[in-house]
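The values are calculated or read from the model by the stated rules, or taken from the named source; none is laboratory data. Because the structure is predicted, anything quoted here is derived from the model rather than measured. No Cβ is skipped: glycine too gets one built from the backbone with ideal geometry, and neighbour counts run over all protein chains shown.
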Amino acid sequence: MSVLRCVVTQVILAAMSDHSTTEFVIEPAGPLSGTVVIGGAKNSVLKLMAATTMATGTHTIYNVPDIFDVGVMCRLLESMGAQTSRRPGVVEIVIGDIDPVAPFELVEQMRASTAVLGPLLGRFGRVEVGIPGGDDFGHRPIDMHLTGLETLGATFETSPRGVIGRADKLTGGVVQLGFPSVGATENIMMAAVMAHGTTYIENAAREPEIADLASMLNKMGAGITGSGTSTIRIEGVDELEAVSHRVIPDRIQAATFLAAVGVSQGEILLEGARYDHMEMVCQKVGEMGLRTSPDRDGIWAMSNSRLRAVDLSTLPYPGVATDYKPFLVALLAVADGTSIVTENLFAGRFRYVDELVHLGAQIRTDGNHAVVRGVEQLSGAHVVSHDIRAGAALIVAALGAQGQTIVRDTGHVARGYPDLAGDLRSLGANVIERPVEPV
């Protein structure tokens, strides 16, 4: 076995040892009350960490969530030659001489690892990256990433395990995305930062995480305008510098607690959450009867009665995000009336529905639609999570169930939440997380 292969194997074993199987035990405990602090966004911090590869020096990122995926990204950067260190809420990344090869074994653990594709190609003119992994809710190819980068002059070879990209010198151009893909927008934007000339990304993703990445890149010396709109303009530069940056709050985490108070009732404050990043989902839960309003410290939320059924569809930002849908379905499962939920973004993202049915929910799926007939109360049962948000949604649903619920989690929730059980307990919920022996 080669030295490189030995190092990669040790990295994988270390990652697996941190990713133990756990289960959540939930008992009914009544209305929620109190304040929960919303940490940095998982969907932003991983891309910010990837962007550090574009400039030598020491980068410091603040408001970093203590989640498993941050550890995986640290290991990925270290495998390429970077140095990383972590302390509560902070990750420091030292970029020196790095090798633009992302080990397949690490990329397979986490889809966000493909965020190194654009920055490495832009800086070094070559990159090797594995097939992306992560949550299991349908096939999500990276063809759009590759096509956009090819517009800038890159060429790619593909294999069953990954892609190899090359570019003597990227040149600016007009990239027209067929769909406002977040990942494709991020990769093309990072690559274009060090391309020759001007690049326009049309039909770009508009998520707050895109604007956060652009903000950090501009601090590094990039020339990006239009982030947060459907047209992003990037003026290529020759060199970037290391910077410090603070991650935006996690809107998906905040939505989890909105759903929790909707199921359990009560009154909570989501400290640090940004209402302007969550207007559509706040509007949707408002239609259900869950009251929300911006507060100088975050978002205030209250529910004091059973919610009402509403129809909803997932759409690119600023629409209702697909990551919100499992929580909203959990709310609708106990709402008064019948709802139709339509998934427009990813196939296969109704797998958690069978688990909600085990809890007594009345839900029928047909293709990308789900018909949810609300029941007054769910019943405790043993269920299994299949991805980060599905696991969190099952825990939320169990808050309103009669009797004990056990959510078996194969390490998913830890990928997106530093301590979901502890945060819920701080609001008065009866939730514990405990390790279980692998079967």
Inset, instruction - Return the total of residues in the stretch 342-381 being in a helix (DSSP H, G or I) and either surrounded by fewer than 14 Cβ atoms within 10 Å (Cβ to Cβ) or aliphatic (A, V, I, L, M) (or both). - result: 3
Legend entry - Some residue of the stretch 284-297 being in contact with a Ser or Thr (Cβ under 8 Å, 6 or more places away or on another chain), assigned to a strand (DSSP E or B) and more than 25 Å from Gly422 (Cβ to Cβ): yes
Inset, instruction - Pairs only if they're at least six apart or on different chains, beta carbon under 7 angstrom, first in the stretch 179-195 and within 10 Å of Ala115 (Cα to Cα), second of a type in the set (D, E, K, R) and modelled with pLDDT of 95 or more; list them, first residue then second. - result: Glu186/Lys47
Inset, instruction - Filter the stretch 53-84 for residues that are within 16 Å of Asp250 (Cβ to Cβ) and either without any contact (Cβ under 8 Å) to a residue 24 or more places away in the chain or assigned to a helix (DSSP H, G or I) (or both) and give the result. - result: Phe68, Asp69, Val70, Met73
Inset, instruction - Sort out for me the strands (runs of 3 or more DSSP E) sitting completely within the stretch 149-211 that have 1 or more residues that are aliphatic (A, V, I, L, M) and either under 18 Å from Thr229 (Cβ atoms) or not assigned by TED's automatic domain parsing to the domain that holds Ser227 (or both). - result: 174-176, 198-202
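Do you know which residues across the stretch 382-433 are outside any strand (DSSP E or B) and either polar (S, T, N, Q) or not assigned by TED's automatic domain parsing to the domain that holds Ala330 (or both)? I'd like the intermediate steps shown before the answer.
Initially, the stretch 382-433 is screened for residues outside any strand (DSSP E or B), giving 385-400, 403-404, 410-429.
Within the stretch 382-433, Ser385, Gln404, Thr410, Ser426 qualify.
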Legend entry - Single match in Gly272, Gly289 (criterion: more than 19 Å from the chain's Cα centre (by Cα) and not acidic (Asp, Glu)): Gly289
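Residue-by-condition table, conditions (1) surrounded by 17 or more Cβ atoms within 10 Å (Cβ to Cβ); (2) at negative phi:
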position: Gly266; (1), (2): yes, no
position: Met280; (1), (2): no, yes
position: Glu287; (1), (2): no, yes
position: Leu290; (1), (2): yes, yes
position: Ile299; (1), (2): yes, yes
position: Asp311; (1), (2): no, yes
Inset, instruction - Test each condition in (1) within 20 Å of Leu307 (Cβ to Cβ); (2) surrounded by 24 or more Cβ atoms within 10 Å (Cβ to Cβ); (3) not small (Gly, Ala, Ser) for Ile388 and report the one that comes out false. - result: (1)
Inset, instruction - Answer yes or no: is there a residue in the stretch 256-263 that is modelled with pLDDT of 95 or more, in contact with a Cys (Cβ under 9 Å, 6 or more places away or on another chain) and not assigned by TED's automatic domain parsing to the domain that holds Ala82. - result: yes
Legend entry - Every residue from the stretch 257-283 that is small (Gly, Ala, Ser) and in contact with a Ser or Thr (Cβ under 9 Å, 6 or more places away or on another chain): Gly262, Ser264, Gly266
Inset, instruction - Take Ala273 and decide whether it is out of contact with any Asp or Glu (no Cβ under 9 Å at 6 or more places or on another chain), among the small types (Gly, Ala, Ser) and touching a residue at least 24 places away in the same chain (Cβ under 8 Å). - result: no
